[in-house]
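What follows is a short report on a single structure.
Bear in mind these aren't lab numbers, they're just calculated from the coordinates by the rules spelled out. These figures come from a predicted structure and were not determined experimentally. Glycine also receives a Cβ, built like all others from the backbone with ideal geometry; neighbour counts cover every protein chain displayed.
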Amino acid sequence: MGAEVVKLLLAQDHVNPDKPDNKDKIPTWSTSRKGHEGLVRLQLEPDDVNPDKPDNNAKTRLSGATGDGHIVMVNLLFAGKDVTPDKPDK
């Protein structure tokens, strides 16, 4: 069910998967931290998504994925788009 909801949301012109939520987190940070591979794939699909962009707390999606040891998420983030592995969190 979650994937269908994400697909519907991403189909809306006003939805930006790079925009932080009300807790200043980029949606993909949360889904990658929790290991939701299908949702992360959907959130990374749009061409204008920058997987290396930090949220408002200077946390990257990569830090979210590595925080709980989600190697699949780390590999997914590195696939296809530029991600800086040594970008520091602040």
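Under a Cβ-Cβ cut-off of 15 Å, what is the net charge of the residues other than ALA3 that fall near it, where Lys and Arg count +1 and Asp and Glu count -1? Computed value for this residue: 0.
Among the listed pairs LYS34/LYS87; LYS23/LYS87; LYS34/LYS59; LYS7/LYS87; LYS7/LYS59, give every one whose C-alpha distance is greater than 18 Å. Result: LYS34/LYS87; LYS23/LYS87; LYS7/LYS87; LYS7/LYS59 exceed 18 Å. For the chain, the Stokes-Einstein estimate of translational diffusion at 37 °C and a viscosity of 0.692 mPa s comes to 253 µm²/s, using the Kirkwood hydrodynamic radius over alpha-carbon pairs.
Counting only C-alpha contacts under 8 Å and six or more residues apart, can you give the relative contact order of the range 2-78 as a whole percent? Let's see the in-between values first.
Values: 100 pairs, mean separation 23.5, N = 77.
Computed over the range 2-78, the figure is 31 percent.
For the range 42-51, 3J(HN,Hα) computed residue by residue from phi via the Karplus equation (6.51, -1.76, 1.60; θ = phi - 60°) reads 5, 5, 8, 4, x, 4, 8, 7, 10, x Hz, glycine and proline entered as x. With θ taken as phi - 60° and the Karplus curve 6.51 cos²θ - 1.76 cosθ + 1.60 applied, the whole-hertz 3J(HN,Hα) list for the range 62-72 is 4, 5, x, 5, 7, x, 10, x, 7, 4, 4 Hz, x standing for glycine and proline.
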